[in-house]
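Everything below concerns the one structure shown next.
We did not get these values from a lab; they are worked out from the coordinates using the rules stated. In this text, all values refer to a predicted model and were calculated from it rather than measured experimentally. Heads up, the Cβs are rebuilt from the backbone with ideal geometry, glycines too, and the neighbour counts pull from every protein chain shown.
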Ligand SMILES: *[C@@H]1O[C@H](CO)[C@@H](O)[C@H](O)[C@H]1NC(C)=O
Ligand SMILES: *[C@@H]1O[C@H](CO)[C@@H](O)[C@H](O)[C@H]1NC(C)=O
């Protein structure tokens, strides 16, 4: 009976001491996981992976910090830290971009987790087309693509073949402009304006002035007009005379460019 009790006690001691039979070492208990004594193991705690942890024979254990990898802060496959920029994570040793308002920042994430966005690579996406790299031309509130032609209407005048340059400057040649208030769009001729009469360019007309009637007056295409004196006929009685009336051409449409007065937009810095 006494022998049996002793045997039980012995068995109990073995079970409670976490001793591994045969090796004579205790197990290490790491977060409810049992590790064999006198061995190395890997241990994960949240983001951190500890390698080369040592379970000692007496049941104590330790994980050296120098072999630990923080997966939340490092990309293990390339051995570089992430860059955390405004809640976004970017891989080390790589380019990345982000936007803030009108600015697109083109940045580099270094291997150590530091990053920088050089100002010369920052693009204003509000005034630049990032696909072409050209600035938009702002012509009286209208936006035109850089490096392209456009048509612009300002009051009576329609400018064709305006050029928007890549740097945001622009110009509209006067030769291609049509003044809808002063020109007949179909013929391209200017009207002759005489005593509030609007006469088609390239046509003949009658004019009565100071009792003389002039027939066969000519309105030229350029808006100038003339009534030869020989055609004047006195219409107020019997008196006769010779008078000549004429006008020079109207001034044609001036060219407008981005560098003229308030109607302009010079290239930006
Ligand atoms: C357990 O063993 C380790 C390694 O041999 C030793 O450094 C440590 O002091 C020991 N701890 C105890 C409580 O004996
Ligand atoms: C780690 O880097 C590799 C290689 O550049 C990449 O393919 C992978 O997406 C990166 N991992 C994370 C989580 O960013």
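Some notes on this structure:
- Gain on full extension, evaluated as 0.36 nm per residue between residue 211 and residue 254 minus their Cα-Cα distance, stands at 11.7 nm.
- Under 18 Å from the residue 44 label point (7 Å along Cα→beta-carbon), backbone N, the range 66-90: 67-79
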